[in-house]
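Some notes on the structure that comes next.
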Amino acid sequence: MPLILAIESSCDETSVAILSEKKILSNIVLSQIEIHQRYGGVVPEIAARHHLKNLPPIYKEAVKQADIDVSKIDAVAVTTGPGLMGALLVGISFAKGLAVSLRKPLIGVNHLLGHVYAAHLSYADLTPPYLALLVSGGHTELLIFEGPLQPKLLGRTLDDAAGEAFDKVARLLNIGYPGGPAIEKISKDGDPHRYSFPKAMLEKDNFNFSFSGLKTSVLYLLQKQKNLSVCDVAASFQEAVVDVLVEKAANALQTTGLRKLVVSGGVASNTRLREKLSQKTEEMGIELYIPPRSLCTDNAAMIARAAFEMFNAGVSSPLSVTADPALSF
């Protein structure tokens, strides 16, 4: 079984992980959230600078925790996109240096594929075919996996991603960044049915998403009415997003006939989404696979797990590989 060292630096988490026999030997993640909070979002240049500073010590700590001879690894994996150009380039450059010095193959990994394979880290029995719902800050997609490394796009957001909508509405409510955890926290004290926000594109034969109108509806409500309960607005907004995600996934499962649902990405950490997906899949007799929260957000272990499949399939990357901020399936 291959021993994979992986690097993730697509946004504001710097991470290095080592995977052996599909098991995590180490997975060091250093978040930059506190640094970017003052700006209300990720500043690309600052993110890249901190990746450059943090990667060497994180790499050393990952090797130390894994307690391995680094010369024994079989491949160096790295996120090549999508993400922030500068941040990606820092990780890719570091990975290339390691691959050359250790004389090991380099494997460039699609960050989105990594998110899906995070579920495989937690569920050893998970095998295709399955439907994957990927919900993160930059992406909301429904994917059919007919086999390993065989994603087929079924639908995607036509505007804002779910996580992006959370961030924008949190900014409107002035409750901080990142928006997902901030909205989830105050929603616990709110009425999710107090306000009726639009739920777009719920036709059964439409698997695309749209959250821009929902965000605009929150803006108009805040402009028209004063002294609103921020908790009620947040809870109602969260409920609308969750309902769309759950219903879209359910419709896709019914249409495709698939009996397994994998949910991944940062928004998969949301408690309300987990609750409603669990309820819906139980009603439908569907097997639900959601990674623990620590593996839903960006981390190198998920990149290593995807690289594990690529290595076994004989897939590697040339040293000329570079960042692709808009990489997709």
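The values are calculated or read from the model by the stated rules, or taken from the named source; none is laboratory data. These numbers come from a predicted model, not from an experiment. We place every Cβ from the backbone using ideal geometry, glycine too, and count neighbours over all the protein chains shown.
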Cross-chain or 6+ apart pairs with Cβ under 8 Å, the range 104-116 first and in contact (Cβ under 8 Å) with a residue 24 or more places away in the chain, then among the acidic types (Asp, Glu) and crowded, with 24+ Cβ neighbours inside 10 Å: 111/8; 111/298; 112/141; 114/8
Residues of the range 181-214 satisfying the condition of being modelled with pLDDT under 95 and touching a Phe, Trp or Tyr at 6+ places or on another chain (Cβ under 7 Å): 201
Complete set of residues in the range 20-36 that are more than 19 Å from the chain's Cα centre (by Cα), surrounded by 13 or more Cβ atoms within 10 Å (Cβ to Cβ) and outside any loop (DSSP other than H, G, I, E, B): 20, 25, 26, 35
Filter pass, residue 328 being surrounded by fewer than 23 Cβ atoms within 10 Å (Cβ to Cβ) and either without any contact (Cβ under 8 Å) to a residue 60 or more places away in the chain or assigned to a helix (DSSP H, G or I) (or both): no
Selected residue [buried (at least 20 other Cβ atoms within 10 Å of the Cβ) and part of a helix (DSSP H, G or I)] from 91, 83: 91
Condition met for residue 52 (touching a helix residue (DSSP H, G or I) at 6+ places or on another chain (Cβ under 7 Å), in a helix (DSSP H, G or I) and free of Cβ contacts under 8 Å to residues at least 60 places away in the same chain): yes
Only one of 192, 148 that is in contact with an Asp or Glu (Cβ under 7 Å, 6 or more places away or on another chain), over 29 Å from residue 37 (Cα atoms) and either in contact (Cβ under 8 Å) with a residue 24 or more places away in the chain or among the acidic types (Asp, Glu) (or both): 148
Search result, residues across the range 247-268 that are surrounded by fewer than 21 Cβ atoms within 10 Å (Cβ to Cβ) and either β-branched (Val, Ile, Thr) or under 21 Å from residue 187 (Cβ atoms) (or both): 247, 255, 256
Of all residues in the range 226-275 being of a type in the set (Lys, Arg) and in a loop (DSSP other than H, G, I, E, B), the one that is modelled with the highest pLDDT: 259
Complete set of residues in the range 276-289 that are part of a helix (DSSP H, G or I) and either touching a helix residue (DSSP H, G or I) at 6+ places or on another chain (Cβ under 7 Å) or hydroxyl-bearing (Ser, Thr, Tyr) (or both): 276, 277, 278, 280, 281, 284
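Results for (1) assigned to a strand (DSSP E or B); (2) crowded, with 24+ Cβ neighbours inside 10 Å; (3) hydrophobic (A, V, I, L, M, F, W, C); (4) not assigned by TED's automatic domain parsing to the domain that holds residue 249, shown as yes or no for each residue.
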position	(1), (2), (3), (4)
134	yes, yes, yes, no
137	no, yes, no, no
142	yes, yes, yes, no
149	no, no, yes, no
165	no, yes, yes, no
180	no, yes, no, no
Single condition residue 118 does not satisfy, out of (1) part of a helix (DSSP H, G or I); (2) farther than 16 Å from residue 263 by Cβ; (3) touching a strand residue (DSSP E or B) at 6+ places or on another chain (Cβ under 6 Å): (2)
Residue match in the range 207-218 (condition: within 18 Å of residue 189 (Cβ to Cβ), assigned by TED's automatic domain parsing to the domain that holds residue 188, in contact with a Leu (Cβ under 7 Å, 6 or more places away or on another chain) and small (Gly, Ala, Ser)): no
Considering residues of the range 272-313 that are among the charged types (D, E, K, R) and buried (at least 24 other Cβ atoms within 10 Å of the Cβ) only, the residue farthest from residue 261 (Cα to Cα): 298
Some residue of the range 203-218 being farther than 20 Å from residue 37 by Cβ, part of a helix (DSSP H, G or I) and free of Cβ contacts under 8 Å to residues at least 12 places away in the same chain: yes
